[in-house]
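The values are calculated or read from the model by the stated rules, or taken from the named source; none is laboratory data. Bear in mind that the values here come from a model prediction, so they are computed numbers and not experimental data. Quick reminder, even Gly has a Cβ in these numbers, built from the backbone with ideal geometry, and neighbours come from all protein chains shown. Accessible surface is based on the protein model in full, side chains and every heavy atom, while ligands, DNA and RNA are left aside. Shrake-Rupley method; radii C 1.70, N 1.55, O 1.52, S 1.80 Å.
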Amino acid sequence: MSSDDKISKVYDPSLVEKEWYEHWLDRGYFHAEVNSDRSPYTVVIPPPNVTGSLTIGHVLNNTIQDVLVRRARMQGCETCWIPGTDHASIATETKVTKMLADKGTDKHEIGRKEFLKYAWEWKNEYGSLIIQQLKRLGCSCDWERERFTMDDGYYRAVIAAFVKLYEKGLIYRGKRLVNWCPATKSAISDEEVIYREVQGKLWYLKYPLSDSDDSVTVATTRPETMLGDTAVAVHPGDKRFKNFVGKSVMLPLADREIPIIADDFVDPEFGTGCVKVTPAHDPNDFQIGKRHDLDFINILNPDGSLNESVPEQFRELDRFDARDKVVDALTKSGALEKTEDYTTSVGYSERGDVPVEPYLSEQWFMAMEKLAKPALEAVRKGDITFYPSHWLKTYEHWMTNIQDWCISRQLWWGHRIPVWYCRGNDIGKCELDCKDPIVSADEPESCPACGSTDLVQDPDVLDTWASSWLWPMGVHNWPEETPDLDYFHPTNDLVTGPDIIFFWVARMIMASLEFKGEIPFKNVYFTGMVRDMQGRKMSKSLGNSPDPLKLMEKYGADAVRYGIMLIAPQGQDILFSDERMEIGRNFMNKLWNVSRFLDMAGSDIDAEPVDELERDHLDLSDRWILSRLNRTITGVDESFDAYRFNETAKKIYDFTWSDFCDWYVEVIKSRLYGDNVDQKKTAFSVANHVMRGILKMLHPFAPFITEEIWSRSEPSEGTGENQTDIIVSSWPVSNDKWIDESAEGNFVEIQEVITGVRTLRAEMNVPPGMRADLLIRSDNGQSLKLNEQLIRDLAKVDDLTIDPDVERPDKSATVVVGKKELFIPLGDLIDVETEKKRLTEKIQSLDGRLSSVAAKLNNQDFVSRAPKEVVDRERKKLGDMKENLAKLKQNYTYLE
């Protein structure tokens, strides 16, 4: 935004982006209210963690959302894009714990209440960082509606959901196997487990039979867990061990007798065919244990050390120290048969950065089967559509094999579970021995069974996903029935990553159907993963993760937004490099330059609406560009409706750069600078109309530059747009009356001729400033004859002959375009002998290089040993050289 009436020669994003964003905020364009006269369009932002900062993945995701929202706003919808942040229990607690530790403070020494004070202070100081960064990107969120998953209203929603589900019997407390992080001493979700390939060992252990000298051998990557074994399992069809089933073995070191059982889960082809069964420390063993009613022996303390359930010599040892000591003891006892190197995938805690342990722990669980059925059906029958559609199979697989959800976490920062336990009455131990938990949205004053006020709240907090699954409803203060909730829910589109299809998307569908009786959104667009040009995942450790703020400083927010949208095909990963942002910046500069040209060329012209122009005053180029504009609008809408955003961006790019800038604007220059007032006004009116159509289509992708140019462009009189910012202007609508197939066909014919001439001139080294003669042999040259001046201007032609019987002049270059032959006499344009010498030298040089490449490819040692991509590159090089050599030889013949 600038007060300067003159458009500067160079576009500087830093001069306009901040000012326009503040202008939009001041005008309240982002804010939505219940409006019965408009259709609502709602999007909820996938709430980023308060611990986070903007990544290139955030740029992709939020740009797509903003594109959808800005287009809906221009289509006249009451657009409501709700922003917010997630409290991120484990991530935030980890950061705050570290911050305190760096100051010499242990969180357990200061206690829960004091720790939470520090956590809130940290959140208030750092939690809004990513919100400010989203504003820098240009996100048109309704910031008046910003939510946090632990603000008061949202907290009440989370607690209400827990109580409702508990009362329906869908939340229960039980002992199950969970992902356990020994560093944070908490259960964690599958999403917080990061798998790494680790070079480890495979230990083969001999377990002697109790009643004979025979033994069975099992293999394990975690020998310390053998202290918790409660069985050895074989496949029931494995004849090798048929006589062993029903017998027992003595567990080495523990001196405990355990049975040999048969179970279909065992793969007889893997290892020895016998597997150790540790139900308390392996998810598959857990299921075997339940099927065979085995003992479940937990051998670990919460910090990962070994507990009282193991022999004394191993107690209180860290699990990895215990591993070494167990292996040493097995070796000395003769129970270690052999050891092999082994590569395995180990799950690490994302925040604790330590190997995760499958851990038998008493936790709160949510029964999922009843919740999952309607959520699966809603997607199957098309109430919710996935883009791309192949994610439906992934969704179906998970939902049909769903397990109960561990919703409790052993943390302090988060939604504390609304459960209290009675510890006895005021006088002494409660005679009723109250065991049932007290579940309440509000803190109870006393035990409803005995009246005691000695109550203690459950120390655990809820899994972060157990709050964010309510996001589409919770942001509107559910469970209250508010006008906002009724109007803005369900939302229209959700944009998210496929990595959280289970953790978040599926659960939001379940929550909305369970609590609201309707779907939470109508469409889900799954973005691809942003990778570097080598296909690697973006990572700080690899040093390949760009800083979006630095990219925006260098290229401008619009260029970054548009650049990444061009390279983001639906359902595919995005290969990112800074050079891709150059494309966005170059396009912004192109747009700026053409707007500047039109501003200067039309400074003394009042544009008219194209509908009021006399059709017979429109020449071929006018009819062509108006037809192309309306076809582009249709194509853009079709791509939007199919959620193919890169195609949408590419269609706008191609039309703007090629059709409008490179062709139409060049064509009309002679009219704009000519003396015919009517022709000048017609050309500028059409150009202005097309330019404003481009700005409208481009605005959702590049909001800042389009608003800046729009504010300076001249609205056609009588359109009513002169007082309207582009952000709230009307989305362009295609008008079939401007579709002109004849004009498009005739103009394409002229384009082909002009392009053919330009190519010939470049190949024959004709000086750019020299005008040439052109002869065209064509049986149907009527359209060309009607537009001779156009060909003369753009192809730099003096004498133009169009005739079916034209003869090829001596020493003339030739090209065939469709059914037309083009001849350019070269004698007066170049020094023929000098050009022949130049071509001869190029032919000889290229011939030599071609022979070298051909020899390399004929060498079988090279072809067999070199990497495939190197061989393919050499083959392509050879093909290109052959094609160029043929062109050079053809050009030489023109001069003979």
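Computed values, structure above
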read-out	value
Value of D in µm² per second that Stokes-Einstein yields for the chain, Kirkwood Rh from Cα pairs, at 25 °C (0.890 mPa s)	73 µm²/s
Student exercise, the chain dipole from Lys, Arg, Asp, Glu Cβ charges, in Debye to nearest 20	2120 debye
Solvent-accessible area of CYS434 with every protein chain in place, 1.4 Å probe, in Å² to the nearest 10	30 Å²
Protection proxy ranking of 725-734, 349-358 - average other beta-carbon atoms within 10 Å, highest first	349-358, 725-734
Accessible-area order (highest first, 1.4 angstrom probe) of the listed residues THR491, THR344, THR893	THR893, THR344, THR491
Cα-centred dipole magnitude for the range 324-444, charges only on beta-carbon of K, R (+1) and D, E (-1), debye, nearest 20	280 debye
Loop-located GluC sites (Glu not before Pro) in the range 277-341 whose Cβ has at most 13 other Cβ within 10 Å (DSSP)	GLU308
Between the range 63-122 and the range 214-282, the alpha-carbon center distance in angstrom	47 Å
9 Å beta-carbon shell around HIS489, net charge (K/R +1, D/E -1)	-2
C-alpha long axis of helix 89-102 to longest principal axis of the chain, angle in °	80 degrees
Spatial extent of the range 703-820: Rg and Dmax, with the Cα atoms as the point set, Å	20.9, 62
Sparse-neighbourhood loop sites, GluC sites (Glu not before Pro) in the range 576-663 - DSSP loop, at most 13 other Cβ within 10 angstrom	GLU614
Net charge dipole size for the range 634-673 [Lys, Arg +1 and Asp, Glu -1 on Cβ; Debye, nearest 20]	200 debye
Overall form of the range 209-359 per C-alpha gyration tensor (a/c, 1.5; a/b vs b/c)	prolate
At R0 = 41 Å, FRET efficiency that the Cβ-Cβ distance of ARG531 and ALA101 yields, to 0.05	0.75
Antiparallel %, DSSP beta bridges [both residues in the range 715-865], to 5	65 percent
Cα-based helix-to-principal-axis angle, 832-858 vs the chain, degrees rounded to 10	20 degrees
THR394 accessible area, assembled protein chains, probe 1.4 Å, Å²	50 Å²
Net charge, LEU786 excluded, C-beta distance under 12 Å - Lys, Arg +1, Asp, Glu -1	-2
Heavy-atom accessible area order for ASP793, ASP152, largest first, 1.4 Å probe	ASP152, ASP793
Accessible surface, 1.4 Å probe, highest first, among residues VAL748, VAL277	VAL748, VAL277
Pairs beyond 32 Å (Cα-Cα), from LYS168/LYS537; LYS785/LYS836; LYS651/LYS820	LYS168/LYS537; LYS785/LYS836
Charge dipole of the range 526-633 about the Cα centre (unit charges at C-beta), most positive-ward option of LEU613, LEU542, GLY602	LEU542
The chain, accessible surface, carbon-and-sulfur percent (1.4 angstrom probe)	46 percent
Degrees, to the nearest 10: 645-654 long Cα axis against longest axis of the chain	20 degrees
Surrounding net charge for ASP341, when Lys and Arg each add one and Asp and Glu each subtract one, Cβ distance under 14 Å	0
Peptides ranked, highest mean first, by Cβ atoms within 10 Å: ranges 39-45, 603-609	39-45, 603-609
Hypothetical label at ASP641: residues of the range 356-390 whose amide nitrogen lies under 20 Å (7 Å Cα-Cβ projection)	382-389
Proximal lysines to LYS135, defined as alpha-carbon separation beneath 20 angstrom and excluding residues fewer than eight positions away on the same chain	LYS18, LYS123, LYS550, LYS554
Residues ALA866 and GLU763, FRET efficiency given R0 of 35 Å [Cβ-Cβ distance, rounded to 0.05]	0.55
Surface accessible to a 1.4 Å probe, THR272 within the full protein complex, Å²	40 Å²
Helix-only [θ]222 nm of the chain, DSSP H runs n ≥ 4, -39500 (n - 2.57) each, per residue, nearest 500	-13000 deg cm²/dmol
DSSP bridge orientation in the chain - percent antiparallel, rounded to nearest 5	70 percent
Accessible area expressed per residue, the chain, with surrounding protein chains retained (probe 1.4 Å, Å²)	46 Å²
Listed peptides 512-522, 617-627 by packing density, highest first (mean Cβ within 10 Å)	617-627, 512-522
The chain - percent relative contact order, Cα under 8 Å, separation 6 or more	12 percent
For the range 584-640: rounded, prolate or oblate by the Cα gyration tensor [a/c cutoff 1.5]	oblate
Mean Cα-pair separation over length for the range 803-853, i.e. relative contact order, pairs under 8 Å, 6 or more apart, %	22 percent
